[in-house]
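Inspection log for the structure reproduced underneath, given as structure tokens.
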Amino acid sequence: MAGPPPKPWPTGEAQQLEPLVRRVLAPNPSPYTFTGTQTYIVGLGDGCAVIDPGPAQDDHVLALDAAIGDEHVCAIMCTHTHRDHSPAAKPLAARTGAPIIGCAPLVLDDTGPRADASFDRGYEPDRVLEDGEAMNGPGWTLTAVATPGHVSNHLCYALGESGALFTGDHVMGWSTSVVVPPDGDMGDYMRSLDKLHAREDRVYYPAHGEAIDKPRQLVRGMMGHRRQRENQILRHLHDDPHRAEEFVPKMYKGLDEKLHGAAKMSVTAHLIDLERRGLVTRSGELWETVSRAT
């Protein structure tokens, strides 16, 4: 994971990224959110959509109010329901009268290491978009692209008029996504990367980190990185059985100890995927290759 850029960060400022797209950074930086969650406003002035409204922090909601001004809000759209992405949907909907449209509700007891990634229990969409369904506004169309993996209800949104894709946490501009079982699924995550790699989007706007202007190249690198991690796991298991936490110091040398829990969950997601594919097996907390076990 890359470190954040030097301050000052543009927290609370409306930044024009292209004619149809503005960005407002929420004040929730952390080791897992980088400089914070980025909310995107899509529209030219006659009516807009708000993507990933972010945390329900008063100063962020006020910053969104200022960025929207007198513009009509057609929809509030969430990529998924982690608490750094969707909670501001409800107060923003109350202020604007806009419907909440997008990902399905999902509430689980999150056992992962991320306090900021627990699920938003107050998320109540007015309309759930299926893969390929669109939301239209004045001069813009946002089409849902289902990308499960980080979580099962994750959607990206494709802006047809400009070739931009809003990627939430599926593809980020500073780090690979954390995949936390049981809802996070590495097999689904890899299939979703394949799906994006087959597309021809011009630019990605992630919820964390800078815009990605060579998206297919980045996705190809991410797929290679995950396969490299998988091969590392299999090499270590070829030597000896391991518990998930025993991979971390071997595979993530120099990693901040605060991030060891996330690394362990990522390894676990890989192990579960390898188990489904018949390559590894487990006894209690101990994992080994099928070839060693037989």
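Values in this text are rule-based calculations from the coordinates and carry no lab data. Everything numeric in this text was worked out from a predicted model, so none of it was measured. Using ideal geometry, Cβ is built from the backbone for each residue, glycine included, and neighbour counts are taken over all protein chains shown.
State the antiparallel share, in %, of DSSP beta bridges confined to the chain, rounding to the nearest 5. Antiparallel bridges make up about 70 percent of those DSSP assigns within the chain. Roughly what angle does helix 260-276 make with the longest principal axis of the chain, taking Cα atoms, 0 to 90 degrees, to the nearest 10? Tilt of helix 260-276: around 70 degrees.
Annotated for the chain: lysine pairs at least 8 residues apart or interchain, Cα distance under 21 Å, count 4. Only helical runs count toward this figure. For the chain, summing -39,500 (n - 2.57) over DSSP H runs of n ≥ 4 and dividing by all residues gives -9000 deg cm²/dmol at 222 nm. Each residue in 11, 35 was given a count of other beta-carbon atoms within 10 angstrom of its own, and listing them fewest first yields 11, 35. With the convex hull constructed from alpha-carbon coordinates only, the stretch 1-147 shows a mean projected area of 9.0 nm² over all directions.
Percent antiparallel among DSSP beta bridges with both residues in the stretch 18-138, to the nearest 5?
Beta bridges within the stretch 18-138, antiparallel portion: roughly 55 percent.
Toward the positive end of the charge dipole of the stretch 124-179, with +1 on the Cβ of Lys and Arg and -1 on the Cβ of Asp and Glu, the farthest Cα among 143, 129, 164 is that of 164. Computed from the Cβ-Cβ distance with R0 of 30 Å, the FRET efficiency linking residue 194 to residue 15 stands at 0.45.
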